[in-house]
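Okay, so here's the structure we're looking at.
The values are calculated or read from the model by the stated rules, or taken from the named source; none is laboratory data. Just so it is clear, the model here is predicted, and its values are computed rather than measured. A quick note on method: Cβ atoms are made from the backbone with ideal geometry, for glycine too, and the neighbour counts reach across all protein chains shown. Surface areas here come from the heavy atoms of the whole protein model, side chains and all, with no ligands, DNA or RNA. Shrake-Rupley method; radii C 1.70, N 1.55, O 1.52, S 1.80 Å.
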Amino acid sequence: MTSEPLSPPPKPPPSTEEAAGNRSMNPRDIIAQAWAITLKERQLRTWGFASALLETLLSTKLLIYQTWFLISYWQGDPIGFFADVEWLSQHLSFGWVAAIVTFFLILIFIEWIFPHFAKGAIVGLAAKSYKKEEVKGGLVLAVYNFFPLFAIHEFFFIGSVSMVITLSSIMLRYAPEIAPFGIGLMCMLFVFANILRFFFIMSEEGVVIRRLGIGQAMKASFKLVISYLGHVVFLLILGFLISLRILLNAVMIFLVPGIIIGVVFLFGSFLPFGIAVAIGAVIGLVIIGLASYLFAYLEVFRQNVWTITYLELSKLKELDVIEEDKK
């Protein structure tokens, strides 16, 4: 009687860690989950709205001022950097001028600083929602992650359209002889900074979620992007709303100042200038509020995409590790 050969024992099912390590990222699922979290979590939208409102206010003030400068530049008599203060001092008393200037300086400071706070809260709360944890602690996340996020954001300061416009305006005012070269150089730096920003796109998640230092977070983001470049690029293509947000933001930034200036000139033709400015300001604030509500959804969605992407990619085995050292 011949004995039948023994069949090999069945392989045990992979553990949860192994399954997570072998599972590839599905960009479509990430887009769907990011949008679902955006619609579900009101706290995220609140932080997003506040951030978008202040960013839009800052950009609008900058564009109105730069439009004023551009008109004067075309007329051959460019205004100085503090022309607005000079204009106020000609029409108001010193006390009113000091109060208005102080108010606007404080407002500009808040508009500049707050989005850095909001980013920590948005990233952290989105990660908690995705991990099915209780979505709370936004203020703590905002405060404790402010300085590293601020450092990362300001590292790419030249990658901002507003900063390029401001620096170009300063050169045209005070150094017109080097302005063509300087503006061209800034445009090159703008492109370079945004290329770097693409590779460091998940640095914020490393700081907030993993509590990494600034250098470690940027290094980890660079490694994830180059390791899964195809996934990341495909994710960018699928997330067309990300680009749509940038497009809408650019349109609104240039549209709102145009509307405000147009309204002021229209009503200024038959009303006192002060009343025309007040009407233009009110209409502009209404438009900014509505635009910021839309931007809040798009900005939170964009950030949720990268937060979920970071969490999913972090589960995968690092491509430069062939065999891990088991201790």
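What the table below lists for this structure:
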quantity	calculated
Residue ID - nearest to residue 37 (Cα to Cα), chosen from residues in the stretch 130-141 that are in contact (Cβ under 8 Å) with a residue 24 or more places away in the chain and open to solvent by less than 90 Å² (accessible area, probe 1.4 Å)	130
Candidate set: the stretch 111-135, residues that are aliphatic (A, V, I, L, M) and more than 12 Å from residue 311 (Cα to Cα); chosen: the one farthest from the chain's Cα centre (by Cα)	135
Answer from 121, 127 - the residue that is open to solvent by less than 20 Å² (accessible area, probe 1.4 Å), under 20 Å from residue 53 (Cα atoms) and either assigned to a loop (DSSP other than H, G, I, E, B) or at pLDDT 85 or above (or both)	121
In the stretch 21-30, residue modelled with the lowest pLDDT [restricted to those that are closer than 29 Å to residue 299 by Cβ and open to solvent by less than 30 Å² (accessible area, probe 1.4 Å)]	25
Which numbered condition residue 56 misses (of (1) modelled with pLDDT of 75 or more; (2) open to solvent by 60 Å² or more (accessible area, probe 1.4 Å))	(2)
Qualifying position, being open to solvent by 20 Å² or more (accessible area, probe 1.4 Å), within 21 Å of the chain's Cα centre (by Cα) and modelled with pLDDT of 85 or more, among 188, 202, 163	188
Scope the stretch 25-54; condition outside any helix (DSSP H, G or I), closer than 25 Å to residue 229 by Cβ and in contact (Cβ under 8 Å) with a residue 60 or more places away in the chain; matching residues	25
